Amino acid sequence: MSKHYRLVVLKGEGIGPEVVEASLKVLQQVAKLEGFSVDVDYGLIGKAALDILGNYLPKETIQLCEGADGILFGAVSSGGLLELRKHFDFFINLRPVRIFKNLLDKSSLQSDRIQDLDILFIRELVSGIYFGPSRRDEDENGSYGYHTMRYHDWEIRRIARVSLQKAKERRGLLTVAHKENALPHLPWSRLVQEESVDFPGVVVEPMLVDNLAMQLVRNPKRFDVILAGNLFGDILTDIGGALVGSIGLLASASLNAEGFGLYEAIHGTAPDIAGRGIANPLGTIGAVVLMLQQWGENDAAQTLIQAQERILNQGYRTPDLAPKNQEISIGTEALADLLVHEISQLAVLSK
Ligand code: IPM
Ligand code: MG
C-alpha cells in the first residue's frame with residue numbers, strides 16, 4: 001500500500017515563497033515516481049500572518065501543524081519562527097555541512113582543505129539566550145537591556161544524548177562548543193562527558209567556542225559532530241556557508257523527541273534578492289532530503305541527492321554561486337524544472 005503524508009507548508013517572506021515552491025515541485029515529482037503521496041496544507045507565519053490574522057504565529061497555524069507529518073518552512077524576517085520551535089519543542093537542530101564535489105572551487109577555502117568535508121552540527125534550539133529572561137528597562141544610569149543565557153542541566157543532557165548517538169553512528173568524535181572560561185555556570189563539557197558513559201566508543205572533545213570558530217576555518221575536516229547551544233550554534237553554522245561556497249546550500253531539520261520536525265534552509269529572507277527569481281533553492285531542497293530521510297523514504301532522498309549532483313555536474317549555478325567560465329547561470333524555477341526532469345531520468349535508469 002502506498003503511503004500518504006500530510007505536509008504543512010509555511011512559506012513566510014522574502015525568498016521563502018520562491019524556494020519553497022521550487023522545492024515542492026521537486027518533492028511532488030520524487031513522490032510520484034517513488035510511489036507515495038504528499039498532501040499540502042498552507043499556513044501563515046511572520047509578517048503575512050500578522051497582517052491577515054493579527055499574530056506572527058496564529059493559533060490556526062499551530063492547529064494546522066498538529067498531527068502533520070512535517071513542516072516545510074521558507075523564511076521569516078521577524079516573529080513566528082522562534083515561537084513555533086518552542087511550541088513543538090524542536091530542541092534538536094541538525095545542520096549537516098557536506099561538500100558537493102562539483103562546487104569545491106566555490107568554497108572560501110582551498111579545495112584540499114574541504115574535499116570530502118562532512119560535518120554534522122547539532123544545535124540546541126529551544127533554550128539558552130534566545131529564550132532566557134530578557135527585557136529593556138531604565139535605571140539611574142540610563143536605558144539598558146539584557147538577554148540571559150540559561151540552561152537547565154536536563155536540557156543540555158537531552159541534546160547531549162542525541163549528539164552522542166549521532167556521533168556513534170558516524171565517525172565517533174563529538175566536539176562540544178562551550179565558553180566555560182567566561183561562563184562557568186554552563187558546564188557543557190562535564191554534562192556531555194557524564195552522558196557519554198552510555199556511549200562507549202564516542203570520544204567527547206570539549207572546545208572553547210572561540211577556538212572552535214578558528215579551527216573550523218583552519219582545518220574543518222578534523223570535525224565529525226559538533227554540538228553547540230542555541231546562539232553558538234547559530235553563529236558557527238553560518239561559517240558552514242563559507243566552507244561549502246554559499247549559505248544558500250545549507251539545510252536543517254528541527255526535531256522534537258517524537259521525531260516530528262520542521263525542515264528549512266538555514267539562510268534568511270534575503271530581501272535584497274527577493275522576488276527576482278534568482279534565489280538558490282538547494283538549501284530548501286536539502287531540507288526536503290532531510291525530511292524524506294526522517295520519514296524513512298530513503299530511496300526518494302537518494303534520488304534527490306543524485307539529481308542535484310547531476311545538475312551541478314552539468315554546470316548549472318544560481319548567482320550566489322558566482323557562475324564563471326563554462327558554468328550556466330540559472331534562476332530558481334529553472335533549476336527546479338531541471339531537477340524534476342533529472343528525477344524522471346533517474347527513475348527510467350533504475351527500471
Ligand atoms: C537561523 C536563523 C534564525 C536563528 C533567525 C531567523 C531567528 O538565523 O535559523 O539560523 O537565529 O535561529
Ligand atoms: Mg542563523
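Given Asn280, Asn181, which one is under 18 Å from the mean Cα position of the chain (by Cα), part of a loop (DSSP other than H, G, I, E, B) and modelled with pLDDT of 95 or more?
Within the list Asn280, Asn181, the selection yields Asn280.
What's the number of the only condition in (1) free of Cβ contacts under 8 Å to residues at least 24 places away in the same chain; (2) of a type outside the set (D, E, K, R); (3) within 15 Å of ligand 2 (Cβ to nearest atom) that Gln293 fails to meet?
Single failed check for Gln293: (3).
Working only within the range 200-230, note down all residues that are buried (at least 18 other Cβ atoms within 10 Å of the Cβ) and either outside the structural domain of Arg157 (by TED's automatic domain parsing) or not in a strand (DSSP E or B) (or both).
Passing the criteria: Val202, Val209, Leu212, Leu216, Pro220, Phe223, Asp224, Gly229, Asn230.
Scan the range 211-218 and give yes if some residue there is among the small types (Gly, Ala, Ser), over 19 Å from Phe100 (Cβ atoms), within 16 Å of ligand 1 (Cβ to nearest atom) and without any contact (Cβ under 8 Å) to a residue 60 or more places away in the chain, otherwise no.
Checking the range 211-218: at least one residue is among the small types (Gly, Ala, Ser), over 19 Å from Phe100 (Cβ atoms), within 16 Å of ligand 1 (Cβ to nearest atom) and without any contact (Cβ under 8 Å) to a residue 60 or more places away in the chain.
Which one of the conditions (1) crowded, with 22+ Cβ neighbours inside 10 Å; (2) touching a strand residue (DSSP E or B) at 6+ places or on another chain (Cβ under 7 Å) does Leu249 fail to meet, given that it meets all the rest?
Exception for Leu249: condition (2).
So is Thr318 in contact (Cβ under 8 Å) with a residue 24 or more places away in the chain and more than 16 Å from ligand 2 (Cβ to nearest atom) or not?
yes
Every residue, every condition in (1) small (Gly, Ala, Ser); (2) away from ligand 2 (no atom under 16 Å from the Cβ), yes or no:
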residue	(1), (2)
Glu194	no, yes
Val197	no, yes
Pro200	no, yes
Phe232	no, no
Gly248	yes, no
Ser254	yes, no
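Could you list, in sequence order, all residues of the range 109-153 that are part of a helix (DSSP H, G or I) and surrounded by 10 or more Cβ atoms within 10 Å (Cβ to Cβ)?
Ser111, Arg113, Ile114, Gly128, Ile129, Tyr130, Asp153
Which one of the conditions (1) under 27 Å from Val244 (Cβ atoms); (2) more than 16 Å from ligand 2 (Cβ to nearest atom); (3) among the charged types (D, E, K, R) does Glu66 fail to meet, given that it meets all the rest?
(1)
Can you confirm whether the range 72-82 contains a residue that is within 19 Å of the chain's Cα centre (by Cα), at pLDDT 95 or above and away from ligand 1 (no atom under 12 Å from the Cβ)?
Yes; the residues of the range 72-82 include at least one that is within 19 Å of the chain's Cα centre (by Cα), at pLDDT 95 or above and away from ligand 1 (no atom under 12 Å from the Cβ).
Do you know which residues across the range 292-351 are in a helix (DSSP H, G or I) and either among the aromatic types (Phe, Trp, Tyr) or not assigned by TED's automatic domain parsing to the domain that holds Ala274 (or both)?
Selection gives Trp295 alone.
The values are calculated or read from the model by the stated rules, or taken from the named source; none is laboratory data. What you see is a predicted model, and the numbers here were worked out from it, not measured in a lab. Counting neighbours? That spans all protein chains shown, and the Cβs are built from the backbone with ideal geometry, glycine included.
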